[in-house]
Structure formats: C-alpha cells, structure tokens
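Enquirer: Have a look at this one before I ask anything.
Rule-based calculations on the coordinates, nothing more; no lab input. For clarity, every value in this text was computed on a predicted model and none was experimentally measured. Using ideal geometry, Cβ is built from the backbone for each residue, glycine included, and neighbour counts are taken over all protein chains shown.
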Amino acid sequence: MFVVRGCRFAHHVLSQHTAKHSTTVTGHFVRSLSSTAPEIRKSEADMPIKMENPFKEPEKGCILSNITVDYKNVQLLSQFVSPHTGRIYGRHITGLCGRKQKEISKAIKKAQHMGFMSVTLKDPTFLRDPNICNIKHPE
C-alpha cells in the first residue's frame, strides 16, 4: 500500500516539475499526464453507451399459467412424475411457479388416491409422451 502511494506521489511531483519547465527545454513542449487529463474528461463522445445487459437470461414463465390442473387429466399429471420411481418431480426440475407446483402435487396425490394413477410407476402408455420438464438426469 505504501509503495503505491509512493509511486503516485513521485508521479505527481515529476508531472508538476515537467509542467513548470516545459517552455524552457529547447523550445519544445514536454507532455505530461496532468495537462491532457481535463481534455479527456470533457469529451463525452468516449462515454460508454447505456444499454441492457446482453447476457441477461430471459425470464422463465410458468408452463401451466393458462392451464387448469385437474386430477382426472392423468396424461398431463404423468409428465411431472418419475417413470421409474413414481415420485413427483421438484420445482427445480419442473420449472413451475410455486402455486402451480402445489396444484400439480395435490392433483397427483388425489389421482393416486382415487385410482386414476399408479403410485409406484408411470403408466406405460404415457412413457413416449414428450417431456414438459427440463430433466437432465432422470432418477
């Protein structure tokens, strides 16, 4: 820290020294950082352009925002159940909002209790359905 302060002080002293004696050195001007700094600050053409973050990911909306969840719609509910264990996928896998995830969980449990869905396995007729969830590693 002291080294940096010492270097800054030495630079400041040297720049003032060259600014005082710049006219006497063989008729040529010696440039120093202190004389050009105000010109750079006044220039607004070099200012960065304000824009949105180009790397910002688009906000993810809920998949089921416009769909009513019903316990009798077994094909929809089976998309949120593991085909091997029958467990309900979590919110980090399904990508649903909290309200819809809770509705799906309640509807799946009700469908299993009423006998519309299997508790331990996914119905084989729904195994070839396209995946709604973003599943990278199935259980």
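Enquirer: Taking K and R as +1 and D and E as -1, what net charge do the other residues with C-beta under 15 Å from the C-beta of Leu77 add up to?
Expert: Its environment carries a net charge of +4.
Enquirer: Next question. For each of Val119, Val81, count neighbouring Cβ atoms within 10 Å of the residue's Cβ, then give the residues from fewest to most.
Expert: So the residues, fewest neighbours to most, are Val119, Val81.
Enquirer: Just want the ordering: Ile49, Ile63, from fewest to most Cβ atoms lying within 10 Å of their own Cβ.
Expert: Ile49, Ile63
Enquirer: Still on this structure, please answer the following. Send over the per residue convex hull volume for region 74-126, Cα only, as a whole number of Å³.
Expert: Cα-based convex hull of region 74-126, divided per residue, equals 64 Å³.
Enquirer: With 26 Å as the limit, write out which pairs from Lys60/Lys106; Lys56/Lys109; Lys56/Lys106; Lys56/Lys122; Lys50/Lys100; Lys56/Lys102 have Cα-Cα distances beyond it, or answer none.
Expert: Lys56/Lys109; Lys56/Lys106; Lys56/Lys122; Lys50/Lys100; Lys56/Lys102
Enquirer: Then there's this: Find how much the distance from Arg128 to Arg8 grows on full extension, using 0.36 nm per residue of separation minus their present alpha carbon separation; answer in nm with one decimal.
Expert: Difference between extended and current length: 36.2 nm.
Enquirer: Want the number for Lys72 to Lys56: 0.36 nm per residue separation, take away the alpha-carbon distance, what's left?
Expert: Contour length minus Cα-Cα distance gives 1.9 nm.
Enquirer: Where Lys and Arg each count +1 and Asp and Glu each count -1, what net charge lies around Arg99 among other residues with Cβ under 12 Å from its Cβ?
Expert: +3
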